[in-house]
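The values are calculated or read from the model by the stated rules, or taken from the named source; none is laboratory data. Everything numeric here is computed off the predicted structure, so don't read it as measured data. Methodologically, a virtual Cβ is constructed for each residue, glycine included, from the backbone with ideal geometry; neighbour enumeration extends over all protein chains shown.
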Amino acid sequence: MNVGILISIFFNTLLFFSILISITIGLSLIFGVLGILNLAHGAFYTLGAYVAISLFSYFTNVPPIIYYILFFIASIIVGIIGMWVEPTLLRRVYKLPDEYQLLLTFSLSLVILDIIRYFWGVMPYYHYEFFAMLGNSEIAGTIYPNYYLIAIATVILLLILLYFLLFKTKIGLLIRAASMDKEMAISLGINVKTLYPLVFALGIFLCAMGGALAIPYSAITLGIGSEVTAIAFAITAMGGLGSLKGAILGSLIVGFVRALGVFYFPEIELVVIYILMFIILSIKPYGLCGRYERRV
Amino acid sequence: MNEKEKINRRDYLKYTGAAIGGLVVGGALGYLLKPKEIIEKTATVTLPGVERTVTVTAPGIASTVTVPQTVTVTTEKPKKGIPSTPLKIGLTAFLSGAAALEGKHVEAAAELLIEEINAAGGILGRKVELLKVDEAIGADALIKAVRKLVTEDKVEFLVGLISSGNGTALAPVIEKELQVPTVYGTATTRKLFEEVIPKPKFVFRASNYDPMECIAAAKIVFKYFHPEVKKIAGINPDYAFGRDEWEVFSKALMKLKPDVEIVYEGWAPLGTTDFTPHISAILARKPDLVFTSFFAGDLITLVKQAGPMGLFKATKVVASVGGSAYSDFKKEFFPEGVLMGTRQCFFNYPPKFPPMEDYVKKYYARTKRYPIYTGMGTWHGIMAFKTAIELGYELLGEWPDVDTIVKLMEHMSMITPVGYRFIRPDHQTVGYQIYGITKHVPEYDFVVLDPMYIYPPEEIAPPVGVKTLDWIASW
């Protein structure tokens, strides 16, 4: 195995990890705190991509930093939509059996995708300027687009910020308390009614960022989120529902297995991920870092 | 003869008189009550000026029309057996989800044609109505929806259909149960007529099908594009269509050039966001040629990621179904030098062919896109059905039954915007296959094909009754 291949596998692992983690971290955060498995996550990912590409269309021939800022603006817009969804829709089903949550979030995903179809249509959108502007790097004979490095760095930076928010701030302490024991948190006077929309918005912001970051290297169509969200749900189960550590570990493992698998066993690329999931769940039924009882 | 039986002269005269009177009264009444005979009269009124008011009167009818200079009014002969209800056509296509990109073309082509047919008076005077079903609901739900279209909504013809999976699931139901003339606009799997319904009666397909583009690609690579090819790699969609395309292309190429070796076979699902591991893996194996049957949005994503990583500089690339969204393949990311197939439809072929020139103009005005093969297949399907009905009526003097319609469609040749196309007795439509090398020209913001390689169906479609792989093996 030469160095070029090793470097390819290393960066391909990180790139796929950064795409996956933007979805899985939000899924786990929302499940961990709100107790809801958000089936609309993939739709928010798609919405992030569409909002960002619309913002992109207003700018041509601007410095790359402007495009970079637009990723954040688009994700914040989608995050705010998420903040509105929690009190208006999700709050009504917390006390109902789990299937109502699944039905609600699944319907929400259909509604969001249909709204996208209504406003943006079904034809693909694309933006290439930003990607081309940044150029390529050559690392040990392997050409790697600089944009990928920026996307990876952005997601890792966001993860670090999330870590500080959750573990070094007061609001993070409250979120962790609510996630560990909701009743106890309420009885200690933590106002979960203000906490929940924030957490949901944070999860949605992260996944919208994943969608927005896909713009430069992907065609934006309604199906953009379908493959990655399917894998993201598998990872969330593998890592342990509600566990942030599990989401990170799971995304890294899957990113690596895929990068390696495509190289050496392209025939079974997708199957490898599910075989891995099967093995992990047979040994640890609650996932790698799961601490929750099975809810259903 | 006794007195009573005797009829005297007075009585005789009385009865005879009454009989004659009765006849006269009856005759007069009969004359008055008999239906008005329709008398055809042609009147030419020539008067100075532009408009005239002409009053047409007949017993019981009087109408006044204002006519410009000349007007011809023809009273049509009564038509036999033509239903007075509108003619309903069921359209199945992806109307939601990522594949709606192709479905939109099917919808636009059908609506455009039906508007034209209705503006010209419909099919034998019957207005045509379009009822749509979304293919994205999945094969099982689609079968139920189509069953409802036929049994409850009384649809008389089905057209459209994009997915091969839906097409193969629906075909036996149409053949055995619903028995309604059906033309698939796409659903191009070879297995439809080779395995699923080898003796079709009601189901037709108006598009070129998969083996044609794969065999044409192999022949063009071997002859013109890269005769020295030794090592090939494939990156294809991970479902039946992608697997079929790769199998037929690689087998055909290896038959033509037995020293060709496969160095990489990659599969990725539809909607893949990240192709980079595949691109790295292909680059590491240094093939001379890469074949892909990804289409529409996925092909855009693949090309956007492969370009910067240097794939198009390192190797030659064949995209067999680039025709799926070619006017979206913008010059800024789609490179020159790719061998791209567009099935039977590309906006500037056949060159200077009036039906195509007219069609492209109308289509572009409506959709701001250029027509693609999915829509052309649907166009051909509706026209074949319309022609069969009109022919049947001309021959039989009445609205033809289903058996007659499908029999008439079975050998039908037709002038379509994409050239002269022929429905074979096995219900597969054949015509030329377009390939070309992508090129950037100043007139268009997307890649065009120059030079073009046009293959006639005789060289790339397996003969009637012969299975694709058997045909390739027999070369």
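Could you check the range A:143-159 and list, in sequence order, the residues that are in a helix (DSSP H, G or I) and within 11 Å of chain B (Cβ to nearest Cβ)? Outline the logic, then answer.
First, pick out the residues of the range A:143-159 that are in a helix (DSSP H, G or I): A:146-159.
Matches in the range A:143-159: A:Asn146, A:Tyr147, A:Tyr148, A:Ala151.
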Q | Members of the range B:280-303 found to be at the interface with chain A (Cβ under 7 Å from one of its Cβ atoms) and free of Cβ contacts under 8 Å to residues at least 40 places away in the same chain, listed by number | A | B:Ser280, B:Ala281, B:Ala284, B:Ile300, B:Thr301
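Can you say whether B:Asp244 is out of contact with any Phe, Trp or Tyr (no Cβ under 7 Å at 6 or more places or on another chain) and either crowded, with 23+ Cβ neighbours inside 10 Å or more than 9 Å from chain A (Cβ to nearest Cβ) (or both), as far as the supplied structure shows? Spell out the reasoning first.
On the way: out of contact with any Phe, Trp or Tyr (no Cβ under 7 Å at 6 or more places or on another chain): yes; either crowded, with 23+ Cβ neighbours inside 10 Å or more than 9 Å from chain A (Cβ to nearest Cβ) (or both): yes.
Considered against the rule, which asks whether it is out of contact with any Phe, Trp or Tyr (no Cβ under 7 Å at 6 or more places or on another chain) and either crowded, with 23+ Cβ neighbours inside 10 Å or more than 9 Å from chain A (Cβ to nearest Cβ) (or both), B:Asp244 comes out as yes.
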Q.
Residues to consider are B:Phe202, B:Phe222; find the one that is surrounded by fewer than 19 Cβ atoms within 10 Å (Cβ to Cβ) and either in contact with a strand residue (DSSP E or B) (Cβ under 7 Å, 6 or more places away or on another chain) or in contact (Cβ under 8 Å) with a residue 24 or more places away in the chain (or both).
A. B:Phe222
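State whether one or more residues within the range A:241-251 are under 21 Å from the mean Cα position of the chain (by Cα), within 14 Å of chain B (Cβ to nearest Cβ) and under 16 Å from B:Pro269 (Cα atoms).
Of all residues in the range A:241-251, those under 21 Å from the mean Cα position of the chain (by Cα) come to A:241-251.
So of that shortlist, the ones also within 14 Å of chain B (Cβ to nearest Cβ) come out as A:251.
Of the ones still in play, those that are also under 16 Å from B:Pro269 (Cα atoms) are none.
No, because not a single residue in the range A:241-251 is under 21 Å from the mean Cα position of the chain (by Cα), within 14 Å of chain B (Cβ to nearest Cβ) and under 16 Å from B:Pro269 (Cα atoms).
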Q.
Is it the case, given these coordinates, that B:Ala216 is within 30 Å of the chain's Cα centre (by Cα) and in contact (Cβ under 8 Å) with a residue 24 or more places away in the chain?
A. yes
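Output the helices (runs of 4 or more DSSP H) that fall wholly within the range B:135-239 and possess 3 or more residues being in contact with a Gly (Cβ under 8 Å, 6 or more places away or on another chain) and among the charged types (D, E, K, R), or say none. Full working, then the answer.
Working: elements: B:139-151, B:164-173, B:210-220.
The helices (runs of 4 or more DSSP H) meeting that bar number zero.
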Q. Taking interchain pairs and intrachain pairs at least six residues apart, which have beta carbon atoms under 8 angstrom, with the first residue in the range A:46-57 and without any contact (Cβ under 8 Å) to a residue 24 or more places away in the chain and the second of a type outside the set (Asp, Glu) and buried (at least 24 other Cβ atoms within 10 Å of the Cβ)?
A. A:Leu55/A:Ala74
Q | Qualifying position, being among the β-branched types (Val, Ile, Thr) and under 27 Å from B:Ile197 (Cα atoms), among B:Ile434, B:Ile454, B:Ile472 | A | B:Ile472
Q.
Can you pull out every residue in the range B:313-331 that is in contact (Cβ under 8 Å) with a residue 60 or more places away in the chain, within 14 Å of chain A (Cβ to nearest Cβ) and more than 21 Å from the chain's Cα centre (by Cα)?
A. B:Thr315, B:Asp328, B:Phe329, B:Lys330, B:Lys331
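Test B:Gly310 against the stated conditions and say whether it is within 24 Å of A:Ile143 (Cα to Cα), at pLDDT 95 or above and more than 27 Å from the chain's Cα centre (by Cα).
Numbers: within 24 Å of A:Ile143 (Cα to Cα): yes; at pLDDT 95 or above: no; more than 27 Å from the chain's Cα centre (by Cα): yes.
Considered against the rule, which asks whether it is within 24 Å of A:Ile143 (Cα to Cα), at pLDDT 95 or above and more than 27 Å from the chain's Cα centre (by Cα), B:Gly310 comes out as no.
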Q. Looking only at the range A:112-133, which residues are within 9 Å of chain B (Cβ to nearest Cβ) and either surrounded by 15 or more Cβ atoms within 10 Å (Cβ to Cβ) or farther than 30 Å from B:Ser96 by Cα (or both)?
A. A:Leu113, A:Arg117, A:Val122, A:Met123, A:Pro124, A:Tyr126, A:Tyr128, A:Glu129, A:Phe131, A:Ala132
